[in-house]
Structure formats: C-alpha cells, structure tokens
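K.L.:
I'd like to ask some things about the structure below.
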Amino acid sequence: MDTFRKVDTMGRMGSGRGGRRVRRQFSDEFKEGAVRLVLDEGKTVGAVARELDLTASALSLWVRHARAERTKGKSGLMQEEREELTRLRKENRELRIERDLLKKVSALFARHQQ
C-alpha cells in the first residue's frame, strides 16, 4: 500500500450500494507527487491516474491548481484567490438569506400596520 495515502482505498471499494466509491482523502505529499509525475516527468494525466488508482478528473484539478501556483496565477487562480473566492461566496450566500428574511419580516410588519 502507498505510504502517502491517508486511508486504505482498496479495503472499502465496491462496498455500499450502486458501486460508488467511498470519498478518499490524500495527503498533500501524495498530491504533489502525482502532479510532479505529470508536470515534471511529462506523463499523461490518464496514465498517472491509472497508475495511482485515481480519477483523471481529480488529478486534472490538482494539476490545474499546481500550474496556477507555478505561474503565479497566470494560468488560473492561486490558492489564496481560491480561498478568498470561497469565503466571498459563503458571505454572499449568507447575505442573500438575511436579505430574504428582512423582506419577509418587513412585508409581515407592513400587513399588521394596516
């Protein structure tokens, strides 16, 4: 078994309904190693994904993020920008909820004033 993985990925595969995989977590070192195989050694995403029993889409995402970090944001969002975007989206969602609640309360208050 790979020493960089946080969980035993093969032990639970196939268990559960629908044949869906259990969501796996990988250490940063494992992700960096997989990305290094693609970017530095020139292997394809598909080949590395098969070698390491990963989905190509997950590995592609890791590679895209790593490219953005290496190019200082010229090829995508950097880590800090992704974190800020996530924070701003959460704040936006909360503000929408508050606005909707205030609309309902003001409509209810207006009805009782008449």
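Quick note: the coordinates plus some simple rules give every number you see, no bench work behind them. This structure is a prediction, so every number in the text was calculated from the model and none was measured. Positions of Cβ are generated from backbone atoms using ideal geometry, with glycine treated the same way; all protein chains shown enter the neighbour counts.
K.L.:
Between GLU32 and GLU91, take the C-beta separation as r, use R0 = 22 Å, and let me know the FRET efficiency to the nearest 0.05.
P.N.:
0.10
K.L.:
Return the sequence-ordered ³J(HN,Hα) values of the range 88-101 in whole Hz as given by the Karplus equation 6.51 cos²θ - 1.76 cosθ + 1.60 applied to θ = phi - 60°, using x for Gly and Pro.
P.N.:
Along the range 88-101, the couplings run 5, 5, 5, 4, 4, 4, 5, 5, 4, 4, 4, 4, 4, 5 Hz.
K.L.:
Calculate one ³J(HN,Hα) per residue across the range 28-37 by plugging θ = phi - 60° into the Karplus curve 6.51 cos²θ - 1.76 cosθ + 1.60, and present them in order as whole Hz with x for glycine and proline.
P.N.:
Ordered by residue, 3J(HN,Hα) equals 4, 5, 5, 4, 4, x, 5, 5, 4, 4 Hz.
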